[in-house]
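Have a look at the structure below, then the notes.
The values are calculated or read from the model by the stated rules, or taken from the named source; none is laboratory data. Quick caveat: nothing in here was measured; it's all calculated off a predicted structure. Cβ sites come from the backbone with ideal geometry, for glycine too, and all protein chains shown count toward neighbours.
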Amino acid sequence: MNPNKETWLIPLIHSSLESLYSKSIPSDAITLQKTRKEFKGDATLVCFGLSRFSGKKPQETAEEIGEFLMNVDQRISGFNVVNGFLNIELNFDYWLSYLESFQPDASLPSSERSKVMIEYSSPNTNKPLHLGHIRNNLLGYSVAKILAACGHDVVKVNLINDRGIHICKSMIAWQKKGNGETPASSGIKGDHLVGKYYVEFDKMLTAEAAIVKSNIENDNWGDVENQAKPAIEKLLAEIVNTTDEQKKKDLNSNLKQLINNQTPLMKEAREMLMLWEKSDSATIDLWKTMNSWVYEGFNKTYKSLGVDFDKFYYESETYILGKDIVQQGLEKNVLYKKDDNSVWIDLSDEGLDQKLLLRSDGTSVYMTQDIGTAVVRDEELHCKNYVYVVGNEQDYHFKVLQKTLQKMGYPFADGIYHLSYGMVDLPSGRMKSREGTVVDADDLIAEIIDEARKRSLELGKTDEFPQEELNELYRKLGLGALKYYILKVDPRKRMVFNPEESIDLQGNTGPFIQYTYARIQSLIARAGILMEIPIDLSKMPEEEAARNMIRLLEAYSETIQTAAKEYSPAMVSNYMYELAKDYNSYYQFPVLKEENKTLAALRLKIALKTAEVLKECGTLIGMEMPERM
RNA sequence: GGCUCCGUAGUUCAACUGGAUAGAAUGGCAGAUUCCGGUUCUGUUGGUUGGGGGUUCGAAUCCCUUCGGAGUCACCA
């Protein structure tokens, strides 16, 4: 139970205290909380702060309050005191009647509901999705579900980065080496095909850059642009003079960047971007074609992950936005212009830096676009909250975005929330695209389903299942394992993903929860007439386990609502696990063989409600529950 | 170097936002089970919450300090 939501308990305690001590007592002096599992009782009154009213030690204060309450209301059936904590026990009848009416429902009163946008996924169209994107997608989708369960009006948005130099790279490589290859002709999934040419570009670039570099070292500057020469010369000299290893590494990486920019290939890419911005028809056609391949591929991945969106935005359409708003900011003197005509905002009074909003040539940067899309979206959607699911490497960016919009006087900026999440590592270490240790999303999904298949076959309980149902079961198990494993971790934290551990049938895993659910289903199927037996309260023996399970079930709505406030699927996942674990340990004996039919009926009822809650929570984190396994 | 985030059993994660004896899982160890050095049960082991100070009835949680790790400080997105 949530003592603070129980309408009668707090006022009862309050008035009791006042008459007990004949003093007026401020209501915030009363701290009532759920009783921890290891103690007996339902609600706990913390009595340390109350001793100033009683003039006695907390322990004695608690004792006398307990005595007093016992005589005031018969719903309070007992109490015990541990170290100044007063544990109040409620009548078991109270819990039974609660169980009868219990439904897993987390919806808020309509006055507390609001419209929320949640942006997630937001992929680049030059390579397929990887493990990091999986965390992003699962988080976004799950948070959306959780908010919706509370009754909020949720808009799921995907802002696709379909524009920029990185796309041009894939396009050029495909033109040079593709020989007209298409997803249809090659049988390669569209996003993987485009990704392949992105990698191809990088290979060609490395080769060209090596040539340019060695030419420069032989003082043959070739086609290197005049304006780039001084910078390169300066860097070369610095590198020779530096002894510090770290510094040397940084300088070398700067140099690499500069030299890469001077290769013919990069020049081609930049020219292509210019053509694209001028809407050159051949370029646009190729761009559209290759992007359509990518979308086809993404859609498959989204579908197998079970995520979806209400609305798509494309950067090719939004990248021009924001300039007008920056202009208005200038007029309002929130922004300022430097001598070279570039536009900045000064956030140093907020503990942040100065940030560029428009380049000296008047073109926009990432921040400008984001400001633009934020404003346009607010005009379209009128949400109270805007949640961005984006990796924590962009923490700074979103701070700046919010502060800037606030300074410009947009009220909706207060509702911006950056749901920042940490990287996903593998047991073998960090994913690095350079070293090819990136885990592809599609591969991972296929592997984990296959792993589910292998494990089920080892157990060998699958003989009577038709093949079709089996495949469906493996899919549910594999994805359930993946989703649960990723979502159970606090988003902010960097995490380690261990595929083999995730699919264990025991322990804190998705399949364990699914197994619990399936077990209850089979119990229900065999329950028969037990379903008809009413729970006879008068014959009910003391059943501490039942009381605990009902309390746990009751925590559903509170858990979901706090999870929604914190944007934290991890809270839901951990709640599910607790439910499944407790169910398994309390009801490890066969319910149906129980001699006391009344008790069996109670247990069955709890099993039913537990299954309901598990299924409900499952949908919130996108985990499907198999009816049998 | 400045700013931000993270640091909890050997490992992967919790701890209801300041509450009670810091909990699970996995690993380790011991026993039971047995076509098996596997599986499954049962028990057990494991912690100065990175270190040090402070705030108070009470700190993993809040403040200061220090040490580690990550990220970010682009006219890239």
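One table, with the values for the structure above:
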| quantity | calculated |
| --- | --- |
| Residue that is surrounded by the most Cβ atoms within 10 Å (Cβ to Cβ), among those in the stretch A:211-224 that are in contact with a helix residue (DSSP H, G or I) (Cβ under 9 Å, 6 or more places away or on another chain) and free of Cβ contacts under 8 Å to residues at least 40 places away in the same chain | A:VAL224 |
| Tabulated pairs, the stretch A:416-427, first within 18 Å of A:GLN406 (Cβ to Cβ), second surrounded by 16 or more Cβ atoms within 10 Å (Cβ to Cβ) and not hydroxyl-bearing (Ser, Thr, Tyr), C-beta under 6 angstrom, 6+ apart or interchain | A:ILE416/A:GLN402; A:TYR417/A:VAL387; A:HIS418/A:PHE398 |
| Given (1) within 30 Å of A:GLY622 (Cβ to Cβ); (2) among the hydroxyl-bearing types (Ser, Thr, Tyr); (3) modelled with pLDDT under 90, number of the condition A:THR242 does not satisfy | (1) |
| Residue among A:SER348, A:SER364, A:SER342, A:SER360 that is polar (S, T, N, Q) and at pLDDT below 85 | A:SER348 |
| Residue list for the stretch A:289-318, filter: among the β-branched types (Val, Ile, Thr) and under 16 Å from A:GLY140 (Cα atoms) | A:THR301, A:VAL307 |
| For A:GLY190: the one exception among (1) closer than 25 Å to A:GLU447 by Cβ; (2) buried (at least 18 other Cβ atoms within 10 Å of the Cβ); (3) out of contact with any helix residue (DSSP H, G or I) (no Cβ under 8 Å at 6 or more places or on another chain) | (3) |
| The one condition in (1) surrounded by fewer than 17 Cβ atoms within 10 Å (Cβ to Cβ); (2) modelled with pLDDT under 85; (3) within 14 Å of RNA strand B (Cβ to nearest atom) that A:LYS34 fails to fulfil | (1) |
| Every pair of residues 6+ apart whose Cβ atoms lie under 9 Å, when the first sits in the stretch A:57-75 and is under 12 Å from A:LEU86 (Cα atoms) while the second is assigned to a helix (DSSP H, G or I) and of a type in the set (Val, Ile, Thr) | A:ILE65/A:ILE13; A:LEU69/A:ILE13 |
| Candidates A:LEU90, A:LEU69, filtered to the one that is buried (at least 18 other Cβ atoms within 10 Å of the Cβ), more than 15 Å from RNA strand B (Cβ to nearest atom) and of a type in the set (A, V, I, L, M) | A:LEU69 |
| Residue match in the stretch A:394-404 (condition: at pLDDT below 95, more than 23 Å from the chain's Cα centre (by Cα), crowded, with 18+ Cβ neighbours inside 10 Å and not in a helix (DSSP H, G or I)) | no |
| Identity of the residue in the stretch A:507-526, polar (S, T, N, Q) and outside any helix (DSSP H, G or I), that ends up surrounded by the most Cβ atoms within 10 Å (Cβ to Cβ) | A:THR509 |
| Given (1) in contact with a helix residue (DSSP H, G or I) (Cβ under 6 Å, 6 or more places away or on another chain); (2) at pLDDT below 75; (3) of a type in the set (D, E, K, R), index of the condition A:GLU542 fails | (1) |
| Verdict on A:ASP202 being within 36 Å of the chain's Cα centre (by Cα) and surrounded by 12 or more Cβ atoms within 10 Å (Cβ to Cβ) | yes |
| Subset of the stretch A:368-386 (residues that are farther than 12 Å from A:GLY415 by Cβ and either of a type in the set (Asp, Glu) or touching a His at 6+ places or on another chain (Cβ under 7 Å) (or both)) | A:ASP370, A:GLU379, A:GLU380 |
| Options A:ARG52, A:ARG75; residue that is basic (Lys, Arg) and at pLDDT below 85 | A:ARG52 |
| Output for the stretch A:255-266, where each listed residue is away from RNA strand B (no atom under 12 Å from the Cβ), under 24 Å from A:ALA237 (Cα atoms) and not in a loop (DSSP other than H, G, I, E, B) | A:LEU255, A:ILE259 |
| First in the stretch A:545-556 and farther than 16 Å from A:GLU38 by Cβ, second anywhere and of a type in the set (Ser, Thr, Tyr) and modelled with pLDDT under 80, Cβ under 9 Å, 6 or more apart | A:ALA546/A:TYR586 |
| Selection from the stretch A:74-87 of residues that are near RNA strand B (Cβ under 8 Å from one of its atoms) and polar (S, T, N, Q) | A:ASN83, A:ASN87 |
| Any hit, the stretch A:48-63, residues being more than 16 Å from RNA strand B (Cβ to nearest atom) and loosely packed, with under 14 Cβ neighbours inside 10 Å | no |
| Flag for A:TYR417 being more than 14 Å from RNA strand B (Cβ to nearest atom), out of contact with any Leu (no Cβ under 9 Å at 6 or more places or on another chain) and either among the hydroxyl-bearing types (Ser, Thr, Tyr) or at pLDDT below 90 (or both) | no |
| Residue list for the stretch A:372-381, restricted to those being under 23 Å from the mean Cα position of the chain (by Cα) and not hydroxyl-bearing (Ser, Thr, Tyr) | A:ALA374, A:ARG377, A:ASP378, A:LEU381 |
| Residue match in the stretch A:266-277 (condition: in contact with a Phe, Trp or Tyr (Cβ under 7 Å, 6 or more places away or on another chain) and at pLDDT 90 or above) | yes |
| Among (1) at positive phi; (2) away from RNA strand B (no atom under 12 Å from the Cβ); (3) over 26 Å from the mean Cα position of the chain (by Cα) - the single one A:GLY362 does not satisfy | (2) |
| Of all residues making up the stretch A:96-107, the number that are crowded, with 16+ Cβ neighbours inside 10 Å and within 26 Å of the chain's Cα centre (by Cα) | 2 |
| Residues satisfying the stated conditions in the stretch A:464-498, i.e. in a helix (DSSP H, G or I), within 12 Å of RNA strand B (Cβ to nearest atom) and touching an Asp or Glu at 6+ places or on another chain (Cβ under 9 Å) | A:TYR485 |
| Test: residue in the stretch A:479-498 that is more than 24 Å from A:VAL424 (Cα to Cα), surrounded by 15 or more Cβ atoms within 10 Å (Cβ to Cβ) and either at pLDDT 85 or above or touching a strand residue (DSSP E or B) at 6+ places or on another chain (Cβ under 9 Å) (or both) | no |
| Top-ranked residue in the stretch A:142-164 [being away from RNA strand B (no atom under 16 Å from the Cβ) and closer than 15 Å to A:ILE560 by Cα; ranked as surrounded by the most Cβ atoms within 10 Å (Cβ to Cβ)] | A:ALA144 |
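Residue-wise test of (1) under 33 Å from the mean Cα position of the chain (by Cα); (2) not in a helix (DSSP H, G or I).
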{"site": "A:SER170", "(1), (2)": "yes, no"}
{"site": "A:ALA173", "(1), (2)": "no, no"}
{"site": "A:LYS176", "(1), (2)": "no, no"}
{"site": "A:GLY180", "(1), (2)": "no, yes"}
{"site": "A:ALA184", "(1), (2)": "no, no"}
{"site": "A:LEU193", "(1), (2)": "yes, no"}
{"site": "A:THR206", "(1), (2)": "no, no"}
{"site": "A:ALA210", "(1), (2)": "no, no"}
